[in-house]
Amino acid sequence: MDWEDLRFFLALATRKSLAAAARDLAVSQATVWRHVGRLERAMECRAFNERGGRYELSPAGQVLFEAAQEIAARVEDTQRSLRSDVARLRGDVRVTAPEMLVEVVSGSINELGLRHPELRIELVAGNPMAALSRRETDIALRFDASPQTEFSLQSSYAVGFGVYAGHDYFSRFGIPLDIDDFAGHRLIAFDNSSGHIAPARWARVGGKQAAIVFRSNSLHARLSAARAGLGCVLLPCIVGDAAPDLLRLFDADRIGRLELGLLVNDRVRRNPRVIAVYTHLQSLLQSREEDLAGSCRSVSVGREENNQPKPAKSPTSR
């Protein structure tokens, strides 16, 4: 059971309206319903009965509501305890995260450090899979969130991927026919010597027949190459959409998504400074959930309904 799912369930149970719960949580109605649905599947029960736009608790939902209220009260007590004893938030917290998410995470972590000057946060970029075996890792963000010895999964988030290219690329090479037909196109790819992370659909058929013109195990190197017009590149939407000189060819609905897990070392899970950091990260990732999932609002280059390529566009302001 995910605490974030419980939080959304409590909001809907209290407000009895998707719109009101969404306003309280500053998210979309679809996000509220997605979390509630995930909780219902995890609990194997129907929590609500909808009547005329109002969501009333089912008998099973009422039992869950009472238990969730107790959990929420304990969480609030813990938060009050942490706020009343700021002096305990001192020492080191080591966080590992994929390179592709470091910029998303680092600014917010720095804000936390400014609020707690005696809290020292170390953010290690790169694939954190191996880092879980190291005792000094306190918190890990990773795409493989399967059960790990000495680590507990706290929450998970969908991360959408898209294919991007620079403006000049389209005028020179046009648009690929589909994600599995890149004939006549140029692709910026992962380095062969290192493992890489990509949605299953793209890993299976993506970029077929493309000419590989550049490889790197560095996200920033691949991003720079795409900006220079060297070719198309696979990026998380939250990274690609933030680059004003790139346009999106295929979005997350076509390319796919991966689950990002937030894991905490059981050895330090109850340490106040670790609690402060991972709850801060949860709030950050929750606030960016739609961006992470690839609900991309930027201009994309796609196909018309008759499956003919659209001409390249200039992007609107982001």
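The values are calculated or read from the model by the stated rules, or taken from the named source; none is laboratory data. Since we're looking at a predicted model, the values are computed, not measured. Note that each Cβ is placed from the backbone with ideal geometry, even for glycine, and that neighbours are counted across all protein chains shown.
So here's what we get for this one:
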quantity: Only listed residue being more than 22 Å from the chain's Cα centre (by Cα), exposed (fewer than 14 other Cβ atoms within 10 Å of the Cβ) and among the small types (Gly, Ala, Ser), chosen from Ser152, Ser171, Ser216; calculated: Ser171
quantity: Test: residue in region 90-97 that is in a helix (DSSP H, G or I) and at pLDDT below 85; calculated: no
quantity: Residue among Leu89, Leu119 that is in contact with a His (Cβ under 6 Å, 6 or more places away or on another chain), touching a residue at least 24 places away in the same chain (Cβ under 8 Å) and more than 30 Å from Leu258 (Cα to Cα); calculated: Leu89
quantity: Where a residue in region 62-74 is farther than 9 Å from Leu6 by Cβ and its partner, wherever it lies, is part of a helix (DSSP H, G or I), with Cβ under 8 Å and at least six apart; calculated: Phe65/Phe9; Phe65/Leu10; Phe65/Ala13; Gln69/Leu10
quantity: From Pro236, Pro272, Pro244, Pro199, residue being in the same structural domain as Glu289 (by TED's automatic domain parsing) and either out of contact with any Phe, Trp or Tyr (no Cβ under 9 Å at 6 or more places or on another chain) or modelled with pLDDT under 95 (or both); calculated: Pro272
quantity: Residue in region 168-185 that is at pLDDT 90 or above and under 30 Å from Val277 (Cα atoms) present; calculated: no
quantity: Region 24-61, subset of a type in the set (S, T, N, Q) and surrounded by 13 or more Cβ atoms within 10 Å (Cβ to Cβ), residue nearest to the chain's Cα centre (by Cα); calculated: Thr31
quantity: Qualifying residue in region 247-258 (condition: farther than 15 Å from Gly166 by Cα, modelled with pLDDT under 95 and in contact with a Ser or Thr (Cβ under 9 Å, 6 or more places away or on another chain)); calculated: yes
